[in-house]
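The structure under discussion appears below in the form of structure tokens.
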Amino acid sequence: MSKLDAHFSLRDPRLGSVPVPTYDVQTVTTAGAHTYTTAEILSGLILRDCAGSSRTDVLPTAANLVAAVQGAMVNHAFEVEIRNDADASAETLTISAGTGGTTSGTMTVADGATKRFAIVFTNVTIGSEAYTVYSLGSKTY
């Protein structure tokens with residue numbers, strides 16, 4: 001076995017367990033647009049009831065997200081899933097970037113669907129914080 005093989009061996013104690021994500025599921029039922037808190041976004045899973053009509057929700061500011069992620073660096077990223085729990089059809093949820101953020105991809109979540117988003121820091125300098133939120137696809141439940 002080469003040194004390289006040994007370095008990446010499954011017997012390496014650093015690889016002794018499978019990382020398990022932790023969700024602090026958040027439920028949002030605001031009858032109107034909602035601005036997500038950093039805690040809601042960092043929870044990993046948001047259940048959003050649009051409460052009777054299509055909504056456009058806003059992600060936190062880049063400054064708030066950078067401040068909430070200890071040791072944030074450019075290209076650090078995390079994912080969040082948002083499920084549209086609308087009871088009626090045609091209650092589309094649209095996700096908008098907060099100040100300092102930009103979007104990439106389709107930012108709508110149809111009723112009865114879940115969409116994954118990746119938020120990637122593009123600037124972590126105080127006063128110039130920025131991120132891009134990428135749509136990673138959706139699934140219907």
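The values are calculated or read from the model by the stated rules, or taken from the named source; none is laboratory data. Bear in mind that the values here come from a model prediction, so they are computed numbers and not experimental data. So basically every Cβ, Gly included, is an ideal-geometry build from the backbone, and we count neighbours across all protein chains shown.
Tabulated values for the structure
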{"read-out": "Strands (runs of 3 or more DSSP E) within the stretch 24-119 that include 1 or more residues without any contact (Cβ under 8 Å) to a residue 40 or more places away in the chain and over 18 Å from Ser135 (Cβ atoms)", "value": "26-28, 45-48"}
{"read-out": "Sole residue being at pLDDT below 95, surrounded by 12 or more Cβ atoms within 10 Å (Cβ to Cβ) and on the phi < 0 side of the Ramachandran plot, chosen from Thr30, Thr106", "value": "Thr30"}
{"read-out": "The stretch 85-116: number of residues that are touching a helix residue (DSSP H, G or I) at 6+ places or on another chain (Cβ under 9 Å) and closer than 21 Å to Cys50 by Cα", "value": "2"}
{"read-out": "Cross-chain or 6+ apart pairs with Cβ under 6 Å, the stretch 130-141 first and farther than 20 Å from Ala62 by Cα, then among the hydrophobic types (A, V, I, L, M, F, W, C) and part of a strand (DSSP E or B)", "value": "Ser138/Ala113; Thr140/Ala113"}
{"read-out": "Subset tally (residues that are acidic (Asp, Glu) and either touching a Lys or Arg at 6+ places or on another chain (Cβ under 7 Å) or more than 13 Å from Pro60 (Cα to Cα) (or both)) for the stretch 92-129", "value": "1"}
{"read-out": "Extreme residue, nearest to Thr106 (Cα to Cα), among residues of the stretch 33-51 that are among the small types (Gly, Ala, Ser) and surrounded by 14 or more Cβ atoms within 10 Å (Cβ to Cβ)", "value": "Gly44"}
{"read-out": "Test: Gly127 is more than 15 Å from Tyr36 (Cα to Cα) and either at pLDDT below 95 or of a type in the set (Gly, Ala, Ser) (or both)", "value": "yes"}
{"read-out": "Considering residues of the stretch 120-141 that are over 14 Å from the mean Cα position of the chain (by Cα) and part of a strand (DSSP E or B) only, the residue surrounded by the fewest Cβ atoms within 10 Å (Cβ to Cβ)", "value": "Thr140"}
{"read-out": "Selection from the stretch 52-78 of residues that are farther than 18 Å from Val124 by Cβ, surrounded by fewer than 17 Cβ atoms within 10 Å (Cβ to Cβ) and either among the aliphatic types (A, V, I, L, M) or modelled with pLDDT of 95 or more (or both)", "value": "Thr56, Val58"}
